[in-house]
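Visitor: Here it is, the structure in full.
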Amino acid sequence: MGIFFSEMFEQLDRWTNRETWNKECEGNCQFSKHFNGENVLSFKEFSEKVVENFHNQFIRLMMTCLDKNETNYMKSRCALLILNRMSDVFPKSLNAANLLQERLQKLEDAKSDI
């Protein structure tokens, strides 16, 4: 899963480069808003809505998995393994990194209490 998410976020980040977007994605029907291939996403819509949404949803998921809870052990362990695989590409924002760092510190503190 970590490799999959790493590759996915790497590709999303690659497409947020304006030159790459113009070469590979602009006007491409795979980036349309509807199934009929019309109304294709613009670069601004893609970078602000799609990529940002992916990052926000993923950080929420990781935060849920990293809750300090003894019954949540396997979720936390899997989340740590996934994050370890994708540390090169995620998180990109300082806010997301700080949220993850705080949650990981809580896990570390709970581990030391045991």
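Where a number appears in this text, it was derived from the coordinates with a stated rule and is not lab data. Just so it is clear, the model here is predicted, and its values are computed rather than measured. Here the Cβ is made from the backbone with ideal geometry for all residues, glycine too, and neighbour counts use every protein chain on show.
Visitor: With unit charges on the beta carbons (Lys and Arg positive, Asp and Glu negative) and the dipole taken about the Cα centre of region 29-79, which residue among Thr64, Phe46, Ser76 sits farthest to the positive side?
Guide: Of the options given, the answer is Ser76.
Visitor: Enumerate lysine pairs in region 2-113 that are 8 or more residues apart or on different chains, then count those whose Cα atoms are under 22 Å apart.
Guide: Lysine pair count for region 2-113: 12.
Visitor: Something else about it: In whole Hz, what ³J(HN,Hα) sequence does region 72-78 give by Karplus (6.51, -1.76, 1.60; θ = phi - 60°), x for Gly and Pro?
Guide: 9, 4, 5, 4, 5, 4, 5
Visitor: Which FRET efficiency value, to the nearest 0.05, is calculated for Val50 and Ala97 with the Förster distance at 22 angstrom and r the Cβ-Cβ distance?
Guide: Details: r = 21 Å, r/R0 = 0.95.
Plugging the Cβ-Cβ distance into 1/(1 + (r/R0)^6) gives 0.60.
Visitor: Given only helices, namely DSSP H runs of n ≥ 4 each adding -39500 (n - 2.57), what is the per-residue ellipticity at 222 nm of the chain, to the nearest 500 deg cm²/dmol? Intermediate values should be presented prior to the final figure.
Guide: Numbers: 5 runs with 68 residues, N = 114.
Value at 222 nm, helices only, nearest 500: -19000 deg cm²/dmol.
Visitor: Convert each backbone phi in region 9-18 into a coupling constant with the Karplus relation 6.51 cos²θ - 1.76 cosθ + 1.60 (shift: θ = phi - 60°), then list the ³J(HN,Hα) values in order as whole Hz, x for Gly and Pro.
Guide: The phi angles translate into 5, 4, 5, 4, 5, 5, 6, 7, 7, 4 Hz.
Visitor: What is the set of long-range amide H partners of Val40 at a cut-off below 5 Å, with H atoms built 1.01 Å from backbone N?
Guide: Result for Val40 returns Lys33.
Visitor: Check which residues have an amide H placed less than 5 Å from Val89's amide H, if you skip close sequence neighbours.
Guide: none
Visitor: Sticking with this structure for a sec: Once the piece of chain linking Ser42 and Asn22 is laid out straight, how much longer is it, given 0.36 nm per residue of separation minus the C-alpha distance between them?
Guide: On the way: separation 20, 0.36 × 20 = 7.20 nm, distance 0.99 nm.
Stretched fully, the Ser42-Asn22 segment lengthens by 6.2 nm.
Visitor: Where nothing but the Cβ of Lys and Arg (+1) and of Asp and Glu (-1) is charged, how large is the charge dipole of the chain around its Cα centre, in debye to the nearest 20? Mind dumping the intermediate values first?
Guide: Numbers: 15 positive and 17 negative charges, 34 e Å.
It comes to approximately 160 debye.
Visitor: Can you compute the label reach from Cys29? Point 7 Å from Cα along the Cβ direction, backbone N cut-off under 19 Å, restricted to region 35-65.
Guide: Under 19 Å, as judged by backbone N against the label point of Cys29, lie 35-42 of region 35-65.
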